[in-house]
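Engineer: Take this structure first; my questions come after.
The values are calculated or read from the model by the stated rules, or taken from the named source; none is laboratory data. Bear in mind the structure is a predicted one, so any value in this text is a computation, not a measurement. All Cβ positions, glycine included, derive from the backbone under ideal geometry; neighbour counts span all protein chains shown. Ligands, DNA and RNA are excluded from the accessible area calculation, which covers all protein heavy atoms including side chains. Shrake-Rupley method; radii C 1.70, N 1.55, O 1.52, S 1.80 Å.
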Amino acid sequence: LEYAERTFRPVAEQKGLAFELELAPDAPHALVTDEQRLQQVLKNLLSNAFKFTDSGSVHFRCLGEEGGARFASETLSASSRVVVFEVSDTGIGIAPDKLRLIFEAFQQGDGTTSRRYGGTGLGLSISREIARLLGGEIRVESSPDKGSSFTLYLPEVYTPIEGNELE
């Protein structure tokens with residue numbers, strides 16, 4: 001949260017957006033993972049939230065969840081505790097039929113998005129891969145003109161599965 005505050009508070013002030021940071025009472029006090037890669041994913045999710053939000057707010061929260069939930073990631077499914085980072089905004093949102101597409105390389109919500117907002121369309125693709133390498137996953141919920149919520153799930157303690165080690 002300190003990283004997010006330090007990095008994005010000036011962006012929020014410049015754009016006139018509310019920026020709320022929340023550390024839930026059930027959030028773990030520590031997380032064992034690759035800090036640099038975690039920051040890279042969070043920076044991308046927060047950058048996108050600010051880029052695609054012209055009015056309203058961006059909310060960043062961290063919470064803990066008991067393990068045992070159904071995840072695509074074997075590491076998450078086997079984890080006794082999961083750390084959840086959620087970035088939500090009141091931005092332009094994403095059409096339901098485009099939600100899967102945005103995680104593909106060089107893709108954005110539609111052709112006008114890249115012309116208006118810029119970017120290469122690589123950030124979410126890279127973030128999804130980093131999340132996977134950290135034993136986690138990213139999910140998204142969105143409604144056009146209402147905003148988006150991207151959620152990063154990571155095991156509280158990162159233990160690489162053989163063949164998935166970070167280099």
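Engineer: With the other protein chains left in place, how much accessible area per residue, in square angstrom, belongs to region 1-77 at a 1.4 angstrom probe?
Structural biologist: The answer is 57 Å² per residue.
Engineer: Accessible area of region 1-71 with a 1.4 Å probe: how many percent of it is carbon plus sulfur? Present the calculation step by step, with values, prior to reporting the outcome.
Structural biologist: Working: 1960 of 4070 Å².
With neighbouring chains kept in place, the figure for region 1-71 is 48 percent.
Engineer: Rolling a 1.4 angstrom probe over the protein chains, ignoring ligands and nucleic acids, what is the accessible area of Thr159 in square angstrom, nearest 10?
Structural biologist: Thr159 exposes around 80 Å² with every protein chain in place.
Engineer: Let me ask something additional. Could you check the spin-label model distance between Asp97 and Arg139? Points 7 Å from the Cα along Cα→Cβ, value in nm.
Structural biologist: In this crude label model, Asp97 to Arg139 measures out at 2.5 nm.
Engineer: Same structure again: With a sphere of radius 14 Å drawn around the Cβ of Gly64, what net charge do the other residues whose Cβ falls strictly inside it have (Lys, Arg +1; Asp, Glu -1)?
Structural biologist: -4
Engineer: Rounded if a/c is under 1.5, else prolate if a/b is larger than b/c, else oblate: which is region 15-81, with a ≥ b ≥ c the root eigenvalues of its Cα gyration tensor?
Structural biologist: prolate
Engineer: With label points built 7 Å along Cα→Cβ from the Cα atoms of Ala72 and Gln39, find their separation and express it in nm.
Structural biologist: In this crude spin-label approximation the distance works out to 2.8 nm.
Engineer: Where does each of Leu154, Leu99 land when they are ordered by accessible area, with a 1.4 Å probe and the largest first?
Structural biologist: Sorted by accessible area, descending: Leu99, Leu154.
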